[in-house]
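The values are calculated or read from the model by the stated rules, or taken from the named source; none is laboratory data. Nothing here was measured: the structure is a model prediction, and the numbers come from that model. Cβ atoms come from the backbone with ideal geometry, glycine included; neighbour counts cover every protein chain shown.
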Amino acid sequence: MADFGRAAVPDLRQNVHSPIIGKLGSSVWFDYDNPITDQALIQTAEFVMGLHRREFIKHASLAGLASTTMPSLSPLDSFAADTKEALPIIDTHQHLWDLSKFQPPWLSGAPEILSKSYVTKDYLEATAGLNVVKAVYMEVDVAPEQQVEEAEHVISLSKSNDHPTVAAVISGRPNSEGFKAYITAFKDTPQVKGVRQVLHAPNAEQGLCLQKQFVASMQLLGELGMSFDLCMRPTELDDGAKLAKRCPDTRFVVDHCGNADPKAFMPSSGQEPSHTVDQWKRDLSKLAQRPNVICKISGIIARAPKGEWKSDILAPAINFCLDEFGPDRVVFGGDWPVCLLGASYRRWVDSLMEVINERNKVDQRKLLHDNAEAFYGIA
């Protein structure tokens, strides 16, 4: 049985001996949770000086370094002072779409803010300064005939050091007879971590995920070591729990806090919520009882009520998810650019940090980074 207990999540802090934890192309990523000694600064300077000078100048702003005058190290000192408290983030829900390559059908009726291309350059701008060190691409519900092309495109991105994207959850139609041939073609592709089909789309009938072919496909994913993202109507979470029970060797990820609607938790929002609090809590708890299910803290920002709001309106749903699944079975997702329906990427991160501020730093880091690293095997 797939299980995600405390022992499955390593404490990576024990293995970090230098402030440098990785590179994106020629850009340097730093871990400032650990004190920076004089020796570490020397090691950092030697590492940076080894970069091609032209590439270093080109990418220095991404690393938070404003100058190439390395002997004084003053830009690095300044960067350390600004970011030493920032925890590293692995974004497990990164959307990208280049409309010159893909035309997801749902975008034809989407709000204007989503009806344009969003590529890596835009993602880097949206996440600048937030210490997002890696990202897992999430499929964007392309037309079935473009699924292979989308998968091949994101595999290419994940192989490149010029992108934060390191892995992908690809699109699929598990209820089709051709799904087995489709997904087994990627069984030896380490960048492909799982599959998703959006189950709240108009053409996805209630109970689809419990049909015989769908369940067989889920069991196949377990055999292949792949996961499935449950992105479903909040009123149908019980179906997700039943599916997870029938497929105990397959790992499932509940997207977007079970598509919780913040308005449901407000005394009066002036807008009709998409579910009741009691029903959502009851069914989400059933999912949390399944050891092969984790929860993604994401998406909720896109459903924030229109107008002015504060982070405390997100807190009831987020805290319930964190408490039900526990610190070892939750991961963070940016849901960018869909999050722009409610707020910027930065405001989403800032709001989440306000909600979890009272939780200990170890659990915060698990949510933002460590659990995702272990679940997807992307150390």
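Numbers below:
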item	result
Failed condition for PRO104, given (1) surrounded by 13 or more Cβ atoms within 10 Å (Cβ to Cβ); (2) in contact with a Gly (Cβ under 9 Å, 6 or more places away or on another chain)	(2)
Candidate set: segment 249-301, residues that are outside any loop (DSSP other than H, G, I, E, B) and among the basic types (Lys, Arg); chosen: the one surrounded by the most Cβ atoms within 10 Å (Cβ to Cβ)	LYS296
Any hit, segment 288-298, residues being assigned by TED's automatic domain parsing to the domain that holds GLU354, under 16 Å from GLY342 (Cα atoms) and at pLDDT 95 or above	yes
Any hit, segment 246-259, residues being in the same structural domain as ARG282 (by TED's automatic domain parsing), touching a Ser or Thr at 6+ places or on another chain (Cβ under 6 Å) and of a type outside the set (Val, Ile, Thr)	yes
Filter result for the condition that a residue is in the same structural domain as GLN103 (by TED's automatic domain parsing), on the phi > 0 side of the Ramachandran plot and either in contact (Cβ under 8 Å) with a residue 24 or more places away in the chain or of a type in the set (Ser, Thr, Tyr) (or both), over ASP141, ASP122	ASP141
Test result for ALA241, among the aliphatic types (A, V, I, L, M), free of Cβ contacts under 8 Å to residues at least 12 places away in the same chain and in a helix (DSSP H, G or I)	no
Yes/no for SER171 being of a type in the set (Gly, Ala, Ser), closer than 28 Å to GLU205 by Cα and either within 17 Å of the chain's Cα centre (by Cα) or at pLDDT below 95 (or both)	yes
Filtered residue count, segment 188-227, keeping only those that are among the charged types (D, E, K, R) and under 14 Å from ALA168 (Cβ atoms)	2
Those helices (runs of 4 or more DSSP H) lying entirely in segment 305-378 with at least 2 residues surrounded by fewer than 21 Cβ atoms within 10 Å (Cβ to Cβ) and of a type in the set (Asp, Glu)	315-325, 345-355
Within segment 241-274, tally of residues that are in contact with a Lys or Arg (Cβ under 9 Å, 6 or more places away or on another chain) and on the phi > 0 side of the Ramachandran plot	4
Pairs with Cβ under 8 Å, 6+ apart, first in segment 222-236 and at pLDDT 95 or above, second assigned to a strand (DSSP E or B) and aromatic (Phe, Trp, Tyr)	SER227/PHE252; PHE228/PHE252; ASP229/PHE252; LEU230/PHE252
Residue in segment 348-370 that is of a type in the set (Val, Ile, Thr) and under 30 Å from ARG246 (Cα atoms) present	no
